[in-house]
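As structure tokens, the structure follows; a few thoughts come after it.
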């Protein structure tokens, strides 16, 4: 499977799931997992994007260690994707608008805990590896992304 084919799988599973679990590690080495709403933007290959408030605890965790893993699964659990990489925290108005267009309508809970619709940053996960599973078929494919090419 190519990286583009894997990005297509990620986009398809996200279209079904609408959310995913992001796992980070704090400075003491303790893992933290939380539901988020990531997106794939077609003209940004090899990245997964999400939004968060700049004062949420995950920002401190990412400042200490930007290594993350995402868990994405279809509602029927027939496809599961793990995505590993490093997150960049970006505060760019153009990128924020692009990401909001993709995921804004799915951020109901985020807007309840962060009512200021202008106070957010983009989390850009630069994908290093993604694994796609079909558990009922005992099928697994792993794709390593070439970070140097981006």
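Just a few scattered comments:
- Flag for residue 122 being modelled with pLDDT under 95, under 22 Å from residue 69 (Cα atoms), under 15 Å from the mean Cα position of the chain (by Cα) and not in a helix (DSSP H, G or I): yes
- The number of residues in region 54-99 being part of a helix (DSSP H, G or I) and either modelled with pLDDT of 85 or more or more than 15 Å from residue 15 (Cα to Cα) (or both) comes to 14.
- Whichever residue in region 22-36 is in contact (Cβ under 8 Å) with a residue 12 or more places away in the chain and either in a loop (DSSP other than H, G, I, E, B) or closer than 15 Å to residue 127 by Cα (or both) and, among such residues, is farthest from the chain's Cα centre (by Cα): 27
- For residue 113, the conditions (1) over 18 Å from residue 44 (Cβ atoms); (2) modelled with pLDDT of 75 or more all hold with the exception of (2).
- Of the residues making up region 60-80, none is in contact (Cβ under 8 Å) with a residue 60 or more places away in the chain and on the phi > 0 side of the Ramachandran plot.
The values are calculated or read from the model by the stated rules, or taken from the named source; none is laboratory data. What you are looking at is a predicted structure, and each value in this text was computed from that prediction instead of being measured. Quick reminder, even Gly has a Cβ in these numbers, built from the backbone with ideal geometry, and neighbours come from all protein chains shown.
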